[in-house]
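The values are calculated or read from the model by the stated rules, or taken from the named source; none is laboratory data. The shown structure was predicted, so the numbers you read here are calculated from the model rather than taken from an experiment. Positions of Cβ are backbone-derived with ideal geometry, glycine not excepted, and every protein chain shown enters the neighbour counts. Ligands, DNA and RNA are stripped out before the accessible areas are found, and what is left, the full protein with its side chains, is counted by its heavy atoms. Shrake-Rupley method; radii C 1.70, N 1.55, O 1.52, S 1.80 Å.
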Amino acid sequence: MSVFQLGNGLRVIDLTKELDPATESRRCHLFRFNTGGPIPDFHTIMDLTSHLGTHVECPYHHNDNWTDVQGLPITTFMGRAIYVDITHMAPNEKIKGEDLNKACGDRIKEGDIVILDSQYKLPPFTPVSNTPGDKRLFICKETAEWLKEKKVKCVGFGDGVSIESNNTDVSAFHDVLMEVNVVFLEVLKNLEELKTDTFFMSYTPLPIKGLDSCPIRAYAIEGIAEFSN
C-alpha cells in the first residue's frame with residue numbers, strides 16, 4: 001500500500017522503493033543482536049551503501065570540496081514539488097531546454113523540486129538498462145543548465161528518464177547542478193499514484209557529516225494549499 005489519508009483531505013503517497021536485504025542487488029545487510037541483560041534489547045547493525053534504493057544525492061557525491069549531506073539546510077529536503085511528464089519526445093532523445101519549456105511552461109519557481117518523467121518507463125540500474133529495449137529519455141548538460149537557470153533545489157527522476165545513459169552526459173548533468181548545491185532524487189516509485197502535478201514533498205536524509213548521499217523515505221502530500229499551485 002502506497003497511498004494514505006491524513007487529517008482533513010490530505011493525501012499521502014509513499015514514493016519510496018521497498019528494500020529487502022535478501023533480494024537487493026546493492027549493499028544492504030542487517031545484523032540483529034541482543035545486547036544482553038535481564039530484558040531483551042535488540043539492536044541492528046546496518047551495513048548499507050549510501051546509494052541504496054530511493055536515495056538523495058548531495059554535492060559531495062561528485063567533488064571532495066562540495067557540500068556533504070550534513071552541510072545542507074534541512075529545507076533542502078522538502079518543499080513544493082512539480083511532476084513533469086514529458087510526452088512530446090521520441091525514444092532516447094536528450095532533454096533540451098526547448099523540451100523543458102514545452103513540458104513545464106511557466107510552472108517552475110525558484111526553490112522548487114522538479115521530478116522528470118516520460119512514458120518510456122523502465123526501472124533503473126537493471127540488466128536491461130542501456131539495451132535496445134531501453135527507450136527512456138536522456139539527461140545532458142543542457143538539461144542541467146536549464147534547471148540551474150530556474151534555480152531549482154532538487155531534481156528527481158521517474159522511471160521514464162535515464163540517469164545512467166553515458167558517462168559524459170551524466171557527469172556533466174551532475175557537475176552543473178551539484179556545484180550550486182542542487183540535490184538529486186533517484187529511484188522514485190509510485191509516481192503513477194499522484195492525482196496532481198504540484199504537491200508538498202519530503203525526503204530527509206540522516207545528518208551524518210562526511211556522507212555523500214543517503215537512502216531516504218520520500219513522500220508526497222497532496223492538498224496543502226500553499227504547495228498546491
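A few points about this structure:
- Identity of the residue in segment 99-115, part of a loop (DSSP other than H, G, I, E, B) and open to solvent by 70 Å² or more (accessible area, probe 1.4 Å), that ends up farthest from Arg26 (Cα to Cα): Asp106
- So Val176, is it in contact with a Lys or Arg (Cβ under 9 Å, 6 or more places away or on another chain), over 20 Å from Pro91 (Cα atoms) and among the hydrophobic types (A, V, I, L, M, F, W, C): yes
- Summed over segment 136-163, residues that are surrounded by fewer than 17 Cβ atoms within 10 Å (Cβ to Cβ) and either modelled with pLDDT under 95 or assigned to a loop (DSSP other than H, G, I, E, B) (or both) total 2.
- Selection status of Ser129, among the hydroxyl-bearing types (Ser, Thr, Tyr) and either surrounded by 14 or more Cβ atoms within 10 Å (Cβ to Cβ) or assigned to a loop (DSSP other than H, G, I, E, B) (or both): yes
- Any chance Pro124 is touching a residue at least 60 places away in the same chain (Cβ under 8 Å), touching a helix residue (DSSP H, G or I) at 6+ places or on another chain (Cβ under 7 Å), in a loop (DSSP other than H, G, I, E, B) and under 28 Å from Ser2 (Cβ atoms): no
- When we screen Lys96, Lys17 for residues that are open to solvent by less than 80 Å² (accessible area, probe 1.4 Å), within 17 Å of the chain's Cα centre (by Cα) and of a type in the set (Lys, Arg), the only hit is Lys17.
- Condition check for Ser118: farther than 19 Å from Phe77 by Cβ and surrounded by fewer than 21 Cβ atoms within 10 Å (Cβ to Cβ): no
- One residue stands out in segment 51-85 among those that are over 17 Å from the mean Cα position of the chain (by Cα) and open to solvent by less than 70 Å² (accessible area, probe 1.4 Å): the one that is farthest from Lys121 (Cα to Cα), namely Gly71.
- Scanning segment 183-199 for residues that are touching a helix residue (DSSP H, G or I) at 6+ places or on another chain (Cβ under 7 Å) and either under 16 Å from Val69 (Cα atoms) or open to solvent by 20 Å² or more (accessible area, probe 1.4 Å) (or both) gives a single hit, Val183.
- Verdict on Asp134 being in contact with a His (Cβ under 8 Å, 6 or more places away or on another chain) and either acidic (Asp, Glu) or under 30 Å from Arg26 (Cα atoms) (or both): no
- Flag for Asp117 being closer than 21 Å to Asp175 by Cβ, within 18 Å of the chain's Cα centre (by Cα) and touching a residue at least 60 places away in the same chain (Cβ under 8 Å): no
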